[in-house]
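Inspection log for the structure reproduced underneath, given as structure tokens.
Values quoted throughout were computed directly from the atomic coordinates according to the rules given, and no laboratory measurement underlies them. Quick caveat, the model's predicted, so the values are computed rather than measured. Every residue, glycine as well, gets a Cβ built from its backbone with ideal geometry; the counts of neighbours run over all protein chains shown.
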Amino acid sequence: MSLKGKYVGVAFTGSFCTYEKVFAQLKKLTEEGAIVQTIFSNSAQTIDSRFGSPKAFLQQAEEITGRKPILTISEAEPIGPQSLLDILVLFPCTGNTIAKLANGITDTPVLMAAKAHLRNNKPLLISVSTNDALGMNMKNIGMLLNAKHIYFIPFGQDNPQKKPNSMIADTELLIPSIESALSGRQYQPVLC
Ligand SMILES: Cc1cc2nc3c(=O)[nH]c(=O)nc-3n(C[C@H](O)[C@H](O)[C@H](O)COP(=O)(O)O)c2cc1C
């Protein structure tokens, strides 16, 4: 399936260590001809860390996509009534956002975008990136794996010896995972 002309939402949450890989894929997405709208969670747009400054990340997102990132709940809300996206990717998705999404909490621009988008029965794709995926958040990941219209970029353990509960998605599989989800299918194998 071609992504040319598809409206793809890419929602950044506060898993900053993945941003380098995420931005590389964001670029590929635009090269495929997708029209990309980024959305930043409150953490993603404010936390300054050893992985970079939020100002630089927001600027990079705008340069790659040619569009200003969505930064507020009120800016994200029209995604629902105006049916603005064909697919929304939580890329990367923290344990915090997974837990809130699984429990119906909508208190960041990213969660508002997810709620608004899902009301239209369109695909939501999750790129897990959290140290508690096999711990406190396993139940929430399980709930989302079993939810209608929600798909996952294949994920697996990234450092079983030092971080036994950590799991991370294979960001290289973003585009095939989007293509599958747009056809209503989970890209397989989901565990890698
Ligand atoms: C430097 C840094 C790196 C972080 N990396 C992760 C991560 O990889 N995965 C994760 O779930 N949380 C991570 N966090 C914690 C989240 O940023 C934090 O839970 C935040 O509340 C997430 O909010 P959000 O889900 O709305 O973006 C990190 C925090 C910092 C400061």
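Here is a check on your reading of the model: is Met136 aliphatic (A, V, I, L, M), within 13 Å of the ligand (Cβ to nearest atom) and over 16 Å from the mean Cα position of the chain (by Cα)? In short, yes. Taking the listed residues Ile64, Ile73, the one that is farther than 21 Å from Ile35 by Cβ and buried (at least 16 other Cβ atoms within 10 Å of the Cβ) is Ile73, with no other qualifying. The one condition from (1) surrounded by 13 or more Cβ atoms within 10 Å (Cβ to Cβ); (2) touching a residue at least 12 places away in the same chain (Cβ under 8 Å); (3) on the phi < 0 side of the Ramachandran plot that His149 does not meet is (3).
For residues in the range 24-53 being more than 16 Å from the chain's Cα centre (by Cα) and either of a type in the set (Gly, Ala, Ser) or closer than 15 Å to Ala11 by Cβ (or both), which is nearest to the ligand (Cβ to nearest atom)? Selected residue: Ser49.
Among the residues of the range 106-149, those that are of a type in the set (S, T, N, Q) and over 15 Å from Val190 (Cα atoms) comprise Thr106, Thr108, Asn120, Asn121, Thr130, Asn131, Asn137, Asn140. Residues in the range 1-21 that are within 11 Å of the ligand (Cβ to nearest atom) and either in contact with a Phe, Trp or Tyr (Cβ under 7 Å, 6 or more places away or on another chain) or among the basic types (Lys, Arg) (or both): Ala11, Phe12, Phe16, Cys17, Tyr19.
Taken over the range 111-131, the criterion of being over 10 Å from the mean Cα position of the chain (by Cα), outside any helix (DSSP H, G or I) and more than 14 Å from the ligand (Cβ to nearest atom) is satisfied by Arg119, Asn120, Asn121, Lys122, Pro123. Which ones in the range 81-110 are outside any helix (DSSP H, G or I) and either in contact (Cβ under 8 Å) with a residue 60 or more places away in the chain or surrounded by 19 or more Cβ atoms within 10 Å (Cβ to Cβ) (or both)? Leu84, Leu85, Asp86, Ile87, Leu88, Val89, Leu90, Phe91, Pro92, Cys93, Thr94, Thr108 - these are the residues of the range 81-110 that are outside any helix (DSSP H, G or I) and either in contact (Cβ under 8 Å) with a residue 60 or more places away in the chain or surrounded by 19 or more Cβ atoms within 10 Å (Cβ to Cβ) (or both).
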